[in-house]
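Asks: Before anything else, here's the structure in question.
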Amino acid sequence: MRPADFTLSAGPNDVTAAARAALGSPLLYHYDPAFIERFKVAEQRIAAIYGTTEHEIILMQGEAVLGLESAARSVVRPGMAVLNLVSGVFGKGFGYWLTAIGAVLHEIEVPYNEAVDPAVVAAYLDAHPEVEAVSVVHSETPSGTLNPVREIGPICRSRGVVTIVDCVSSFGGVELRPQEWQLDLLVAGPQKCLGGPPGMSLMAVSEQAWALIAKNPIAPRGSFLSMLDWKEQWHGNGKFPFTPSVSDLHGVSAAAEELLEEGVDAAIARHSRVAAACRAGVTGMGLQVWAARDEIAAACATAIRVPEGLTDIGIRDHVRARYGVQLSAGQGAGPIIRIGHMGANARPMYPIVGLAALGQGFVDLGVKLDIGAGIEAAMASLAASGALPGSADR
Ligand SMILES: *Cc1c(COP(=O)(O)O)cnc(C)c1O
């Protein structure tokens, strides 16, 4: 079967040209000094994108779910009170891990098109001083929504509570300042806004997070899930806990280098403009953005309400089969179809392709829409946002 002509999913998508070339570079022995140097450079690049000098960078060698599970297992000891903030399926899923590991689970849950209110978090922590950690998803990719981690960070830090942040789909595409925002344990993925291959977890860890992990007698050691092995063996002693994913490291590092050359702020602005155009197109053609408000809509993917009588899988498969465009379904977050615009796809004309294919797909299935009005609205939004940074010097 042919791959889709356009992959506009919520990740993974095709990587940047630089990352693709780097993925095919010679495979090095992991103790070749050249590889060790490359590994350290990759860590520095990830730290630079996180914009932090205070957090320790841990590059775990598996897709971001590895980093997330590892964070949960490293922090949580049985009987520990953890407040999990839920505004979508990734937040909900994190709570299942917390419970399985033995945490006393506290939860604040909002509808999956909404965001958690920081004032509610502050009040909850004041009423429950036993809570030692708060877990939150920055960008709930299935819902296309953001949580206000900028406000949540200082609320937690001032109460001595450690934050665990799933920033898998915000890293490199949405403003995120772990140091200023006082966030502790962050897990990003390279296959979303960074435009790299899936297969690694990009973690940033504060002193406060390490202190909490140090209190946990069941934090994994001698395990693929161990953050401590990376800290103690690799950072402490120059020994990899196991053979790293050499090719992935090359790909991730190249994507990170490219993003740093563009500039983190420029990359964020690029994602934000393309996302705004996509939302303008959605409403312009008569569809509804799933996020309750524009301010909480995520820049990595636009979630669109699927009209009554249709299913997310049905419309996704129709658009793929008829028009060769791969979109993402709702992943259980609701009646949602998603147009991804992340990484290499966060460029002006990509959402136009997604909007045209999705709009016509809905029309084929009997929904009344004005596709032309949607495309005009999206183009007007792009026109108003000016030239993309960097375009002038090509
Ligand atoms: C992509 C993503 C992950 C990684 O999960 P997969 O199901 O393996 O893609 C975790 N959290 C968020 C918010 C994500 O977008």
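Asks: Do we find a residue being among the basic types (Lys, Arg) and within 13 Å of the ligand (Cβ to nearest atom) anywhere in region 83-97?
Replies: Filtering region 83-97 down to residues among the basic types (Lys, Arg) leaves 92.
Then keep just the ones that are within 13 Å of the ligand (Cβ to nearest atom); that gives 92.
There is at least one residue in region 83-97 that is among the basic types (Lys, Arg) and within 13 Å of the ligand (Cβ to nearest atom).
Asks: Can you tell me which residues in region 153-184 are within 12 Å of the ligand (Cβ to nearest atom) and surrounded by fewer than 24 Cβ atoms within 10 Å (Cβ to Cβ)?
Replies: If the condition is that a residue be within 12 Å of the ligand (Cβ to nearest atom) and surrounded by fewer than 24 Cβ atoms within 10 Å (Cβ to Cβ), then 174 is the only one that fits.
Asks: Restricting attention to region 283-323, which residues are within 22 Å of the chain's Cα centre (by Cα), part of a helix (DSSP H, G or I) and surrounded by 18 or more Cβ atoms within 10 Å (Cβ to Cβ)?
Replies: 296, 312, 316
Asks: Still on this model: Tell me, yes or no, whether region 35-58 has at least one residue that is without any contact (Cβ under 8 Å) to a residue 40 or more places away in the chain and of a type in the set (S, T, N, Q).
Replies: Within region 35-58, one or more residues are without any contact (Cβ under 8 Å) to a residue 40 or more places away in the chain and of a type in the set (S, T, N, Q).
Asks: For residues that are assigned to a helix (DSSP H, G or I) and among the aromatic types (Phe, Trp, Tyr), scanning just region 189-247, find the one that is nearest to the ligand (Cβ to nearest atom). Walk me through how you get there before you give the answer.
Replies: If we filter region 189-247 for residues that are assigned to a helix (DSSP H, G or I), which is where we start, we get 207-214, 227-237, 246-247.
In the following step, the residues that additionally are among the aromatic types (Phe, Trp, Tyr) were identified as 210, 230, 234.
Values: 210: 23, 230: 19, 234: 23 Å.
Selected residue: 230.
Asks: A further question on this structure: What number goes with the only condition from (1) open to solvent by less than 10 Å² (accessible area, probe 1.4 Å); (2) outside any loop (DSSP other than H, G, I, E, B) that residue 150 does not pass?
Replies: Result: residue 150 fails condition (1) only.
Asks: Please go through region 108-140 and pick out each residue that is among the hydroxyl-bearing types (Ser, Thr, Tyr) and under 24 Å from the mean Cα position of the chain (by Cα).
Replies: Correct list: 112, 135, 139.
Asks: Would you confirm, using the coordinates I've provided, whether residue 187 is within 30 Å of residue 83 (Cβ to Cβ), open to solvent by less than 10 Å² (accessible area, probe 1.4 Å), free of Cβ contacts under 8 Å to residues at least 40 places away in the same chain and of a type in the set (A, V, I, L, M)? Walk me through how you get there before you give the answer.
Replies: Details: within 30 Å of residue 83 (Cβ to Cβ): yes; open to solvent by less than 10 Å² (accessible area, probe 1.4 Å): yes; free of Cβ contacts under 8 Å to residues at least 40 places away in the same chain: no; of a type in the set (A, V, I, L, M): yes.
Against the criterion (within 30 Å of residue 83 (Cβ to Cβ), open to solvent by less than 10 Å² (accessible area, probe 1.4 Å), free of Cβ contacts under 8 Å to residues at least 40 places away in the same chain and of a type in the set (A, V, I, L, M)), residue 187 does not qualify.
Asks: Also, quick follow-up: Regarding residue 182, is this residue more than 27 Å from residue 30 (Cβ to Cβ), polar (S, T, N, Q) and in contact with a helix residue (DSSP H, G or I) (Cβ under 9 Å, 6 or more places away or on another chain)? Walk me through how you get there before you give the answer.
Replies: Values: more than 27 Å from residue 30 (Cβ to Cβ): yes; polar (S, T, N, Q): yes; in contact with a helix residue (DSSP H, G or I) (Cβ under 9 Å, 6 or more places away or on another chain): yes.
Taking the combined requirement at face value, the residue satisfies it.
Asks: Take the conditions at pLDDT 95 or above, in contact with a Gly (Cβ under 6 Å, 6 or more places away or on another chain) and more than 16 Å from the ligand (Cβ to nearest atom) and apply them to residue 3. Does it pass?
Replies: The answer is no for residue 3.
Asks: Filter region 336-349 down to the residues that are crowded, with 18+ Cβ neighbours inside 10 Å and either more than 30 Å from residue 263 (Cβ to Cβ) or within 19 Å of the chain's Cα centre (by Cα) (or both) and list them by number.
Replies: Selection gives 336, 337, 338, 339, 340, 341, 342, 343, 344, 345, 346.
The values are calculated or read from the model by the stated rules, or taken from the named source; none is laboratory data. Predicted model only: the values in this text are computed from it and were never measured. Cβ coordinates were reconstructed from backbone atoms using ideal geometry, including for glycine residues, and neighbour counts include every protein chain displayed. Surface areas here come from the heavy atoms of the whole protein model, side chains and all, with no ligands, DNA or RNA. Shrake-Rupley method; radii C 1.70, N 1.55, O 1.52, S 1.80 Å.
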